[in-house]
1. Taking only the stretch 253-263 into account, find how many residues are surrounded by 20 or more Cβ atoms within 10 Å (Cβ to Cβ) and either under 19 Å from Leu322 (Cα atoms) or outside the structural domain of Pro228 (by TED's automatic domain parsing) (or both).
2. If we keep just the residues of the stretch 73-90 that are more than 22 Å from Thr141 (Cβ to Cβ) and in contact with a Gly (Cβ under 7 Å, 6 or more places away or on another chain), which is most open to solvent (accessible area, probe 1.4 Å)?
3. Do we find that Asn300 is modelled with pLDDT under 95 and either in the same structural domain as Arg196 (by TED's automatic domain parsing) or away from the ligand (no atom under 16 Å from the Cβ) (or both) in this structure?
4. Condition test on Ala317, is it small (Gly, Ala, Ser), open to solvent by less than 40 Å² (accessible area, probe 1.4 Å) and farther than 18 Å from Ser224 by Cβ?
5. Run down Leu93, Leu59 and say which single residue is in the same structural domain as Val163 (by TED's automatic domain parsing), touching a helix residue (DSSP H, G or I) at 6+ places or on another chain (Cβ under 7 Å) and within 19 Å of Leu16 (Cα to Cα).
6. Which residues, counting only those in the stretch 9-49, are at pLDDT below 95 and touching a strand residue (DSSP E or B) at 6+ places or on another chain (Cβ under 9 Å)?
7. What is the one condition in (1) more than 18 Å from Thr51 (Cβ to Cβ); (2) open to solvent by less than 30 Å² (accessible area, probe 1.4 Å); (3) more than 10 Å from the ligand (Cβ to nearest atom) that Met152 does not satisfy?
8. Taking the options Arg123, Arg94, name whichever one is at negative phi, away from the ligand (no atom under 13 Å from the Cβ), open to solvent by 50 Å² or more (accessible area, probe 1.4 Å) and at pLDDT 95 or above.
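The values are calculated or read from the model by the stated rules, or taken from the named source; none is laboratory data. Everything numeric in this text was worked out from a predicted model, so none of it was measured. Counting neighbours? That spans all protein chains shown, and the Cβs are built from the backbone with ideal geometry, glycine included. Remember, those area values only see protein heavy atoms, side chains included, never the ligands or the DNA or RNA. Shrake-Rupley method; radii C 1.70, N 1.55, O 1.52, S 1.80 Å.
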Amino acid sequence: MSFLEEAGHRKSSLNLKDLDLQEMTQLVRTLNQPDYRARQIMEWLFRHGVTDLAAMSNLPLSLRQQLAEIAHPGVAEVVARWQAADGTTKYLLRLSDGETVECVYMLYSYGATACVSSQVGCRMGCLFCASTIGGKVRDLTCGEMYEQVLVMNRDQKKKVNRVVVMGIGEPLENYDETLKFIRLLHEPYALNIGYRRITISTCGLVPGIKRLAREGIPLTLAVSLHAPNDELRNKIMPINRQYPLDQLLAACREYTEMTHRRVTFEYVLIKGLNDSPECARELAGLLRGMLCHVNLIPVNYVPERGLEKPEPRVIAAFQRLLDEAGISVTLRRELGSEIMAACGQLRRSQNTR
Ligand code: SAH
């Protein structure tokens, strides 16, 4: 069934933000409108972020009315908003079916970053993560991901110029909608965000990484590594049993060869589990010679998980060992920890599921 037939069945249920330019063109043709109307609608939706079809002032009134009969502009309701002293703002959004997701706005010296969720919940089961506790409910659509960025742009003075798909969910499990979202972000009639300023973070779905490498777009790939060997990674991340480290790293090498982009490895540091000097040395050995960067993240405390971050001197020692081994490494600056910016904590605290 095409998206138009689907919309016909569920009257007024079509989210206009789920359409790309080609699909929007199809839609305006069925309404007997010239093709250029599609681009106008795209600009209102994706660049200006209007929340009401009535605001599309260069469209004939009759077209706005016709549109309103079959579709809506996909506006999420902000259920809660927390702002930290450093400007980090976390939003809890309610979607059209009542499900909720969270997204985070972060201010850096070089601009503003939107951290976007890709699924409602997650089924990857990582040991330290709050998002996965209730499992996965469903994938988000392209329009639902885009709306997260627009919520921030409507609310914040400094507009989003970087996007990281690092919120709730596994983006490469929701591949098509995530890529559609990213391509839309990049369009000149939308927010025109450079691909290099967009990051997809994955727990390591190897087929998805290989597919991404062949898209021909220079996205930043971040891979959640969290352990330097299979034995430990199996304990922390169940996905490692399906795609062990040798396969994962081979896919990452392929990604850098095809895109000439360095891969970022995220490494959550957990007290007593993966923070020893041996782990640091093993990690350095594993990544030697790769075009990559390591981002160390002291684990955010999630009550249900009970895992703690290492002492500052242990973190510093871990970082120093990587640095001395010639691995590019940074320690993630902690933003907004007082507003529970750690993945999935807000949605859970609202007892939504
Ligand atoms: N599924 C994707 C993207 C979502 S998680 C992935 O696994 O990469 C985004 C990042 O936040 C991952 O690196 C993840 O490991 C990290 N993360 C999740 N829970 C965390 C916590 N409690 N403390 C610190 N980082 C966490």
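1. 1
2. That would be Asp86.
3. Judged against the criteria, Asn300 is a match.
4. Here the answer is yes, as Ala317 does meet what is asked.
5. Testing whether each residue is in the same structural domain as Val163 (by TED's automatic domain parsing), touching a helix residue (DSSP H, G or I) at 6+ places or on another chain (Cβ under 7 Å) and within 19 Å of Leu16 (Cα to Cα) leaves just Leu93.
6. Within the stretch 9-49, the first condition is being at pLDDT below 95, and the residues that meet it are 9-13.
If the condition is that a residue be at pLDDT below 95 and touching a strand residue (DSSP E or B) at 6+ places or on another chain (Cβ under 9 Å), then Ser12, Ser13 are the ones that fit.
7. (1)
8. Every option except Arg94 fails the conditions.
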